1. Using the structure shown, list the pairs from A:LYS187/A:LYS220; A:LYS83/A:LYS220; A:LYS6/A:LYS27; A:LYS32/A:LYS187 with a Cα-Cα distance above 30 Å, or answer none.
2. Please give the direction-averaged projected area of the C-alpha convex hull for the range A:128-221, in square nanometres with one decimal.
3. Evaluate peptide B:155-167: per residue, the Cβ atoms of other protein chains within 10 Å of its Cβ; return the mean as an integer.
4. Counting other Cβ atoms within 10 Å of each Cβ, which chymotrypsin sites (Phe, Trp or Tyr not before Pro) in the range A:23-104 have at most 16 and sit in a DSSP loop?
5. Using only the alpha carbons of chain A, determine the length spanned along each of the three principal axes and report them from longest to shortest in whole angstroms.
6. Whole-Hz ³J(HN,Hα) for each residue in the range A:305-310, computed from phi via Karplus 6.51 cos²θ - 1.76 cosθ + 1.60 with θ = phi - 60°, x for glycine and proline: what do you get?
7. Looking at the square roots a ≥ b ≥ c of the eigenvalues of the Cα gyration tensor of the range B:96-150, which shape do they give, rounded for a/c under 1.5, prolate if a/b is larger than b/c, or oblate?
8. Please arrange A:VAL170, A:VAL323, B:VAL243 by how many other C-beta atoms lie within 10 Å of their C-beta, fewest to most.
Amino acid sequence: MTFHAKVELSLWLQRTRDDLKMYHKEKSIQIKSSASALYNNLSVLRIAPRNLTYFSVVHANMVNMVSASWDGLNYSHRQLQSKEPNVTTSSSLIMQAAWCVLPYREILVLTSQKGIQMYESDGSIMVYWHALDTPETPTAQAVFARGIAAVRDKYICVGISSGSVLVFDVPSKGSNITLSEVLEEHKESITDMASECSGSLECIADLVSADDSGNLSVWKSGEDFQLLNKIPGFDMSCSSVKLWKGTVVAGYGTGQIRLYEAITGIIHAEINAHARWIYSLDIAPFSGLLLSAAEDSLVRVWHLTVTPETNSVEIVHMYNECVTDTQICGAKFCDGDGYAFAVTGYDLSEIIRYTQA
Amino acid sequence: MSMTTLPLVFINLGGEMLYILDQRLRAQKTAEDNTQKGIWSEDDRKRVMNDIIATMFNKAFMEELLKPQDVYSHRALRTVLTRLAHASIMRLNQASMDRLYELMVMAFKYQLLLCPRPRDLLLISYNHIDAIREFVRNTPSVLNQVDETHRKIIEVYTPLSDGELQLLRQTLLIFLQDMHVRVSFFLKDKVQNPNGRFVLSTTGPVPHGTEVPGLIRVFSRSGREIKRLEFPTEGNYTSSIRVGSFELFGDRVIRFGTNMYSATPPEETHTSKNYSQKTNSEPNPLAKEELNLLARLMGRMEILNQNNDSEIGFRVSLFSTEQEEKDIVASGRSGDPSFEVINIQATQDTQVNKELARIAGEFTKEVEEPEPPDGPSNKGEDLLTMMDELV
């Protein structure tokens, strides 16, 4: 049976047989406080050697961290607060929390109105703090950090509301993290960033950054990061972006998803995917499954095929899940194959999980 | 997060507050002894509205709000809104203010959540301003303030990008997070679930600028479209409707932010229609009995009411009977009613009052026109007066 026929059959079966749906809802994980309406508000870290998965969800000035054992029996919770330089408790709002996976360590990064906090992966120790330049009296232009990506072996990149991208150099252990470079390309606030996640060393582009006007910048990492390409946005805010096998997948406030060839900016495909603002995209790098989630209550699963030799990209719709009465703010695969995914929604105090039948 | 949320917070919350106050004051007649002192005339009501609006749209107040700053805490916001409400001769008791705040905030949360695009938050704000303009259309000085403020708002917010407006919306959603007060009004309309969460529809027109989901377009390297695929969407969307006006005047198109309290509730409309039909034919012989029953029931309510009322005169208990509290806010809180609530349809419709007065008039064999509610002259009129006062 051809792949295409399999997809057709799968779609037909989804509609007719509930037990043959591609994904089933699993037991939700309760979190200590509800998710805030922020882009990409879910991060997942799979720790295979310990049969654990970590989840993190932002609530206002806090991050809810849950560690879930794979047998579903053990859950442990931790809450991290945003930090302010000179007060003990902070009301500074957190914009995003995400794990950065580097060859020798995983760092949990929190970005807030005041700065950037970096922790060891279990959130137990803060290893680095970078304060943002905040003016004495507040200005109309909001100040915050947003957009987090681990790049190649040793960089963590974080976006800023001014449009700058901070590049941090991270050693294989310890807290000697330094600010290596500031990339000044974007003029609007950074919304999201993504690094090449296929694992392939052949891809030239390492990082894509997105901003509030939908502009995308494609970078090559190194001692000095190099701007490879700029893809214009036409004032449609790009809230979530992924980079896989040299293809940029971008989700916009209009509900559209676009696929571009990173180096050239050539558009492969445009999907009228959602009826409201897209809040989260994710790719399962081993299978090419793509996850999109929006304020319209829908999570959609797609299948991407990228053939670099022929420069061709195919996208096929696989599955829909409607999370009733919920504006979804985070959706991530829990593993590299896309066997399971997790979802968060505004005002929901749970992480909803789905796994393949 | 956004530093320019406060002006919109006050316009929208203040707008909702004014809608509620207007509706409650129209229904309110607080006199216990039929003297003029406690009755809220139309002039009183207009004066209250004018005073509050004049304070809210005061130039200095607005300038203060327009300074870049974080959104206030709930406590601070409530304090300022209470002050605003008390900018007039009206005084609200604690319970009324609590209920009022919850109602305002839940209405705003509903509007924020369901607003199709972040930019539509401005249209919602302009709907509120349009209605406020109507309240003060006969007071040129205040009307002028409202216009000036509206111009300023247009000036400040129009240049913001969609992304910045979304950030503003996200900031406000964080502020309103975890509030799930159930509002009878919303529950009845099925826009809110019994668990307090709002219903998000997956049908209807898409927002302006969004395409109806369901299409994949594939392009060649030269940019030419080479393939179209459709996919199932699990929703039933239609093309977007026209955009509302962001100018000083104009059709805003979206209905969020308009006065949802001004429409007569359907069941009451239904009831009053029945009455008219009966009286159009011939006088209902049971009408007198009905009036007597009502009088007895309301007499009991009146006695019970005395426990609730604070000083007479200028004090207002917006939701003065437990029944009315339940009518407006069904929050399921632990404020136990200390007495039973009688579920009578105390009419708020002056049309019905007129008809009843006419019936009563026929029974007492007095041939005169139905008098306005505060001019008692016969038994029927007494009862009607009491009904009006207690509603």
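1. Numbers: A:LYS187/A:LYS220 20 Å; A:LYS83/A:LYS220 32 Å; A:LYS6/A:LYS27 28 Å; A:LYS32/A:LYS187 37 Å.
As for pairs spanning more than 30 Å Cα to Cα, those are A:LYS83/A:LYS220; A:LYS32/A:LYS187.
2. 6.7 nm²
3. Numbers: counts 0, 1, 0, 0, 0, 1, 10, 10, 15, 8, 2, 9, 11.
Averaged over the peptide's residues, the number is 5.
4. Values: sites: A:TYR23, A:TYR39, A:TYR54, A:PHE55, A:TRP70, A:TYR75, A:TRP99, A:TYR104; in loops: A:TYR39, A:TRP70, A:TYR104.
Qualifying residues, ordered by number: A:TRP70, A:TYR104.
5. Here the Cα extents, ordered largest to smallest, are 62, 47, 40 Å.
6. 10, 10, 10, x, 4, 9
7. Here the range B:96-150 falls in the oblate category.
8. Going from least to most buried by this count: B:VAL243, A:VAL323, A:VAL170.
Since every read-out is calculated from the coordinates, none of them should be taken as a lab result. Predicted, not measured: the structure shown is a model, and the values here were computed from it. Counting neighbours? That spans all protein chains shown, and the Cβs are built from the backbone with ideal geometry, glycine included.
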